Amino acid sequence: MWARRALVLITLLSAAVGPMTAVHGHGDAAPQPVDTAGLDPVGTVWLEENPYRLKGGKQYELAQQIGASGYNQNCARCHGLEAVSGGIAPDLRYLETGTDGDQWFLQRIRHGYSQDGSVKMPPFENILNQEAMWAIRSYLETRPN
Ligand code: HEC
């Protein structure tokens, strides 16, 4: 109950301060597309593993940078700045590493999460491309618990 009230409050607050948030870096309330220029395309088939971690090197570094801004724009308002949760949504620093974590991450980011008809987390499929999703996963991998 507490979490639900807090979530409603935060949602209202972020709607109210929406226009200011770019300045403060919390990200707008509406999902934002992420510019993934420079990242190798991953194609249309949904992957089971973070392709940029597998590639390593410069692609992984670039993915982490792009993912940091993608995270700030789209996820931080619920999951917390720099992935440190304030308690209204899970702390993403504790996501499992490796393939199991990858699949769970992709599942949630694509489909979001609803409970009793209310959207707790919006789906990001068709808003973010797969490159952007794996970029955010790459960023989260730089923020271990
Ligand atoms: C409107 C708030 C909101 C936004 C925005 C949001 N999430 Fe979530 N997210 C949640 C909530 C609430 C849950 C918990 C759902 C549940 O009970 O499983 C969750 C769960 C998750 C989980 C599963 C965590 C776990 O420990 O099982 C992942 C992964 C995740 N979100 C990633 C993201 C990413 C990446 C973004 C940005 C692209 C994002 N979320 C944006 C609210 C949000």
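The values are calculated or read from the model by the stated rules, or taken from the named source; none is laboratory data. Here the structure is a predicted model, which is why all the values come from computation and not from measurement. As a convention, Cβ positions derive from the backbone with ideal geometry for all residues, glycine included, and neighbour counts pool all protein chains shown. Areas reflect the complete protein model, heavy atoms only, side chains present, ligands, DNA and RNA absent. Shrake-Rupley method; radii C 1.70, N 1.55, O 1.52, S 1.80 Å.
In this structure, is Gln107 of a type in the set (S, T, N, Q), open to solvent by 70 Å² or more (accessible area, probe 1.4 Å), under 27 Å from Val42 (Cα atoms) and more than 11 Å from the chain's Cα centre (by Cα)? Here the answer is yes, as Gln107 does meet what is asked.
The set of residues in the stretch 79-91 being open to solvent by less than 30 Å² (accessible area, probe 1.4 Å) and of a type in the set (A, V, I, L, M, F, W, C) consists of Ala83, Ala89.
Would the stretch 52-73 turn up any residue that is open to solvent by 20 Å² or more (accessible area, probe 1.4 Å) and near the ligand (Cβ under 10 Å from one of its atoms)? The answer is yes, given that some residue of the stretch 52-73 is open to solvent by 20 Å² or more (accessible area, probe 1.4 Å) and near the ligand (Cβ under 10 Å from one of its atoms). Taken together, the residues in the stretch 91-130 that are among the aliphatic types (A, V, I, L, M) and either closer than 14 Å to Asn50 by Cα or more than 10 Å from the ligand (Cβ to nearest atom) (or both) amount to 3.
Of the set (1) farther than 15 Å from Trp134 by Cα; (2) out of contact with any strand residue (DSSP E or B) (no Cβ under 9 Å at 6 or more places or on another chain), all apply to Ala68 but (1). Restricting Leu95, Leu128 to those that are in contact with a Leu (Cβ under 9 Å, 6 or more places away or on another chain) and surrounded by 16 or more Cβ atoms within 10 Å (Cβ to Cβ) reduces the list to Leu95.
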